[in-house]
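First the structure, in the form of structure tokens, and then the observations on it.
The values are calculated or read from the model by the stated rules, or taken from the named source; none is laboratory data. Just so it is clear, the model here is predicted, and its values are computed rather than measured. For neighbour counting, all protein chains shown are included, and Cβ atoms are generated from backbone atoms with ideal geometry for every residue, glycine included. When the accessible area is computed, the model is the full protein with side chains, heavy atoms only, and any ligands, DNA or RNA have been set aside. Shrake-Rupley method; radii C 1.70, N 1.55, O 1.52, S 1.80 Å.
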Amino acid sequence: MKINKKIINKIEGEATLKIEGDKKIDFVQIEFWQYHGIEEYLKNKNYMDALVINPRVCGICGHSHLHATVKVIEKVFKAKISKKAQIFREVTSLLEIVENHIKWFYITIYPTQIKDKEYLFKAVKFSSKISKAIAILAGQFPHNSYMVPGGVTCDPTYMEIMRLKDLIKEIKEEYIKEIMDENLTSHDLERFFENLPKDIGKSLNKFLVLGESNIFKSNGDYKNVKEERNKSLSKNALYNNEYYEVGPLARMIINKNKNIKKIYDIYSDSIYTRMCARIYEPLLLLDYIEQKLSEVDLCEPSFLKPNVRNGKAIVAVEAPRGSLIHEISIKNEKIDYYNIVVPTQFNLASSTKENPSPAQAALMNEDIAYVDSVFRCFDICAVCMSH
Amino acid sequence: MNEATLQKVKERIEALKKLPGMGEKSVSKMLEDSGFTRRDFLKWSAAMAAMLSLPTSFTPLIAEAAEVSDRLPVIWLNMAECTGCSESLIRSDAPTIDNLIFNYINLQYHDTIMAAAGWQAEENLKEGMEKFKGRYILCVEGGIPTNMDGQYLTMGPHAETGLELLTRAANDAAAVISVGTCSSFGGIQAAAPNPTGAKGVYQVINKPVINVPGCPPSAKNIVGTILYVILFGALPAVDNFNRPKFAYGLRIHDLCERRGHFDAGEFVEQFGDAGAENGFCLYKVGCKGPYTFNNCSRERFNQHTSWPVQAGHGCIGCSEPDFWDSMAPYEEPLANKKYDSPLADATADSYGVTILTVAGVAIAAHAALSAIKNPKE
């Protein structure tokens, strides 16, 4: 059988697809040929160092890694944090998700159908504003370390919270006007599908949300996740020995979002539903952020000192691309063991033809011409994958 | 800055003007279309001149340099990295004049933000390197794995290693700029135990390299360095780690907004205490500002919004070589450093073994001597 080799780049790194089949894709293997070894550097370092090192897994979603790191350390210490710190963490993490979705839409997947630099500028305009909002609380974006076990380091004034609220309002209004409104009408999305069928890229139709958060319900226990080596330098992630799709579509389906359900009923878990879910999610998140910011009590402490303990813990958070799992073991203030499972390991695992991963299943039996668009609709991140 | 320098720069810009431009429309037109006035553009040029430590008389020249910036193509390679530097770059100053200029610069190849993909992208890279041989500016993001002949990082359809691609691209480049701490000094990949043998660009190629470290560096420093190269056709003045002096000439501490509290002896003793609420100095919770050369305290991040120290977390020293090992633990002052990083341990262990061996030899020698001496008694 002829095997086509295709390089998928512009995914913060690159992936190699080995495609079997001439016109229709019979089977595809997904390979990542980069290796960082972040977990190796963490060994024997002070537990606090993980807060600075882990965001460097990925410059795009580093904030989610920071959030997971701080939560896993707090779980070991049985630490408590104030409601104020909790809200700030949630706000900046969710803003990162909003920003990621916009960049993925206009920079990663859009150019596979529409070659127009204007859309790059559009993404940049939004992402600059959103990072500014994150920077008000966190200092900078990407790569800040304002979350520490016990709370956050920032202590904003009313003035800053006002500026933040104002900025969020502006972002939301512009989002509704220029990207997608509450009725899911999106001019840009329809333009993307001008020459692309909406019902391609159907996958496993099995969804998983593991993250502990106030806004998304979870439907599984992250203790059942297992990692497995594949033929390249990446690892597959399985839940109860099966493959599941994680990410915004999973979050919408598990949380029974009515708007996305309507589209899902027509197109099932196709590329169109997946993209709709991802572009619609920021609207829900921005609403939630606005509501949370109105609940902030600035008189609360930012930080409550935790007691350092030895022990092990594991947590999951919802990152832009799906459920992100961090696991730690601390002995005498030092890291004994650290393990990270990223969402891309679930979606882009490279398995067998009989038991394919979500991305493999979505690509199989599709026309080879659509491979770029279908592959990218999972929002791949190669640097996370090669952590 | 004397008349001769000014003249030299003018001549250079004239020479660049004669080369064919790559942009579809002129910079002025493009800025106008994006809603900026000529006045905004000149304001930006003045700010850029100030940042590059040039006299104000250079402002019109900066504007001119920006206008001919598309004559010098830029090739941007991504090695072992997290894309944080590109992220920093694409969200430079709102309303992103830096950014517009950067996109207007003839960016032949950038793995993340170019429009082309797959084989087409490979073609562009090849074409860019041939067509603009000896003229292009090479920007590198990410460390270079060298263990196992660089096999920890392979790219493209021919599985070329990062090391091979870099060597090839650097050979024909007019200037090589390392963007970020990873490409400057190896970065997180090169932290102990450095499993992939990652190194900085200057350690693996035989060419002068200008380092723009930071994790990530601010967009101003990246764009500033590129503009400097265009303006003068040469690399800017650098310190002993090859960092441009205009950005890395002063310590974070020198212009820090919390500096007054340091001088007054007012410190945050632990996160969340009264000192933290009052914005006191972060030295005692690990700020590495006094040891770090960079302009964060002056230029800040995300459209001059904030920077880590403003948000209450100390500087981690991210623009210094080997900061991953030498500045850890990041939340404790360097002065209490317990030498407990894995690297320090390794060093201490090897010294220990050496000292013990020397001692062992000495004891053996002493015993032997005593053995010889004893019978005489």
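Pick out, from B:Asn206, B:Gly156, B:Gln7, the residue whose Cα sits farthest towards the positive end of the charge dipole of the range B:3-244, with +1 on the Cβ of Lys and Arg and -1 on the Cβ of Asp and Glu.
Toward the positive end, the furthest listed residue is B:Gln7.
Rounded if a/c is under 1.5, else prolate if a/b is larger than b/c, else oblate: which is the range A:3-368, with a ≥ b ≥ c the root eigenvalues of its Cα gyration tensor?
Cα axes put the range A:3-368 in the oblate bin.
Taking all protein chains as present, what is the carbon and sulfur share of the accessible area of chain A, in % to the nearest whole number, probe 1.4 Å?
The nonpolar share, carbon plus sulfur, comes to 48 percent.
Could you work out the local net charge near B:Pro321, counting Lys and Arg as +1, Asp and Glu as -1, over the other residues with Cβ closer than 14 Å to its Cβ?
Net local charge, B:Pro321 excluded: -1.
Quick check on packing: order B:316-323, B:244-251 by the mean number of other C-beta atoms within 10 Å, highest mean leading.
Numbers: B:316-323: 23.9, B:244-251: 19.5.
Packing proxy ranking, top to bottom: B:316-323, B:244-251.
Please give the peptides B:283-294, B:200-211 ranked by average Cβ packing (other Cβ atoms within 10 Å per residue), highest first, as a rough proxy for protection.
For the peptides B:283-294, B:200-211, the packing ranking is B:283-294, B:200-211.
Using a 1.4 Å probe on the heavy atoms of the protein chains only, list every residue of the range A:109-134 that has 10 Å² or more less accessible area in the complete assembly than in its chain alone.
Residues passing the criterion (a loss of at least 10 Å², heavy atoms only) are A:Pro111, A:Lys115, A:Lys117, A:Leu120, A:Phe121, A:Val124, A:Ser127, A:Ser128, A:Ser131, A:Lys132.
Please report, as a whole percent, how much of the solvent-accessible surface of the range B:263-327 comes from carbon and sulfur atoms (probe radius 1.4 Å).
It is 49 percent, rounded to a whole number.
How large is the charge dipole for the range B:3-244, taken about the Cα centre, if only the Cβ atoms of Lys, Arg (+1) and Asp, Glu (-1) carry charge, to the nearest 20 debye?
Around 620 debye, computed over the range B:3-244.
Roughly how many whole Å is it from the C-alpha centroid of the range A:161-183 to that of the range A:61-88?
One Cα centre to the other: 26 Å.
To the nearest 20 debye, what charge dipole does the range A:29-106 have about its Cα centre, counting +1 at the Cβ of each Lys and Arg and -1 at the Cβ of each Asp and Glu?
500 debye
For Cα pairs less than 8 Å apart in space and 6+ apart in sequence, what is the mean separation divided by the residue count of chain A, i.e. the relative contact order in percent?
Contact order relative to length: 28 percent.
Highest first, please rank the peptides A:305-317, A:26-38 by the mean number of other Cβ atoms sitting within 10 Å of their residues.
Ranking the peptides A:305-317, A:26-38 by packing returns A:26-38, A:305-317.
Would you work out which of A:Ile161, A:Thr185, A:Leu120 lies farthest towards the positive end of the dipole of chain A? Charges go on Cβ: Lys and Arg +1, Asp and Glu -1.
Of the candidates, A:Ile161 comes out farthest on the positive side.
First select every other residue whose beta carbon is under 9 angstrom from the beta carbon of B:Gly180; then total the charges, Lys and Arg +1, Asp and Glu -1.
Within the 9 Å Cβ shell, the charges total -2.
What fraction of the DSSP beta bridges in the protein assembly as shown is antiparallel, stated in percent and rounded to the nearest 5?
Details: 47 of 66 bridges.
In the protein assembly as shown, approximately 70 percent of DSSP beta bridges are antiparallel ones.
For A:152-165, what's the mean count of beta carbons from other chains sitting within 10 Å of each residue's beta carbon? Kindly include the intermediate steps, with their values, before the conclusion.
Numbers: counts 5, 13, 7, 8, 3, 0, 0, 0, 2, 0, 0, 1, 0, 0.
Going residue by residue through A:152-165 and averaging, the value is 3.
For the range B:3-244, give the percent of accessible area contributed by carbon and sulfur heavy atoms, probe 1.4 Å, rounded to a whole number.
Using a 1.4 Å probe with all protein chains present, the range B:3-244 comes out at 52 percent carbon and sulfur.
For the pairs A:Lys132/A:Lys206; A:Lys125/B:Lys126; A:Lys45/A:Lys312; A:Lys122/A:Lys217; A:Lys305/A:Lys331; A:Lys202/A:Lys261, note any where the Cα-Cα span goes beyond 27 Å. Don't skip to the answer; put the middle values down first.
Numbers: A:Lys132/A:Lys206 36 Å; A:Lys125/B:Lys126 31 Å; A:Lys45/A:Lys312 16 Å; A:Lys122/A:Lys217 32 Å; A:Lys305/A:Lys331 19 Å; A:Lys202/A:Lys261 15 Å.
Cα-Cα > 27 Å for A:Lys132/A:Lys206; A:Lys125/B:Lys126; A:Lys122/A:Lys217; rest within.
Give the average, rounded to an integer, of partner chain Cβ atoms located within 10 angstrom of each Cβ in B:183-190. Let's see the in-between values first.
Working: counts 0, 0, 0, 0, 1, 10, 6, 1.
Taking all residues of B:183-190 together, the mean is 2.
With all distinct Cα pairs included, what does the Kirkwood hydrodynamic radius of the range A:109-166 come out to in Å, to one decimal, could you say? Intermediate results must be reported in sequence, preceding the final value.
Values: mean 1/r = 0.0736 Å⁻¹.
Taking every pair of different Cα atoms in the range A:109-166, averaging 1/r and inverting gives 13.6 Å.
Could you tell me which of rounded, prolate or oblate describes the range B:163-268, using a ≥ b ≥ c as the square roots of the eigenvalues of the alpha-carbon gyration tensor, with rounded for a/c under 1.5 and, failing that, prolate when a/b is larger than b/c and oblate otherwise?
It comes out oblate by the Cα gyration axes.
Tell me whether the range B:263-327 comes out rounded, prolate or oblate; compute the Cα gyration tensor, take square roots of the eigenvalues as a ≥ b ≥ c, and use a/c under 1.5 as the rounded threshold.
On the way: a/c = 2.01, a/b = 1.27, b/c = 1.59.
Oblate.
Return the average number of partner chain Cβ atoms within 10 angstrom of each residue Cβ along peptide B:139-149.
Average per residue, whole number: 1.
Compute accessible area for the range A:37-79 by itself and then with all protein chains, 1.4 Å probe, and report residues whose area falls by 20 Å² or more.
The answer is A:Glu40, A:Tyr41, A:Asn44, A:Lys45, A:Asn46, A:Met48, A:Asp49, A:Val52, A:Ile53, A:Arg56, A:Gly59, A:Ile60.
Could you work out the helix-only [θ] at 222 nm for chain A, with each DSSP H run of four or more residues adding -39,500 (n - 2.57) and the total divided by the number of residues, to the nearest 500 deg cm²/dmol?
-12500 deg cm²/dmol
Roll a 1.4 Å probe over the protein chains and send me the accessible area per residue for the protein assembly as shown in Å².
38 Å²
Please give the total accessible area that chains B and A bury against each other, computed with a 1.4 Å probe and expressed in Å² to the nearest 100.
Answer for the B-A pair: about 5400 Å² buried.
Roughly how big is the protein assembly as shown's charge dipole about its Cα centre, with Cβ charges of +1 (Lys, Arg) and -1 (Asp, Glu), in debye to the nearest 20?
Result for the protein assembly as shown is approximately 360 debye, rounded to the nearest 20.
Please state, rounded to one decimal and in Å, the Kirkwood hydrodynamic radius that the range A:211-339 gives when every pair of distinct Cα atoms enters the mean of 1/r.
17.7 Å
Tell me, which residues of the range A:290-304 get at least 40 Å² less accessible area when the other protein chains come in, versus the chain alone (1.4 Å probe)?
A:Phe303
Projecting each Cα onto the charge dipole of the range B:263-327 (Lys/Arg +1, Asp/Glu -1 at the beta carbon, about the Cα centre), which of B:Gln310, B:Val285, B:Gly265 comes out farthest on the positive side?
B:Gln310
So if I take the centroid of the Cα atoms in the range A:253-297 and the same for the range A:302-367, what is the distance between those two points in Å?
With the range A:253-297 and the range A:302-367 each reduced to a Cα centre, they are spaced 22 Å.
Can you tell me which of A:Cys377, A:Cys299, A:Cys154 moves the most in a GNM of chain A? Springs connect C-alpha atoms under 10 Å apart.
Fluctuation is largest for A:Cys299.
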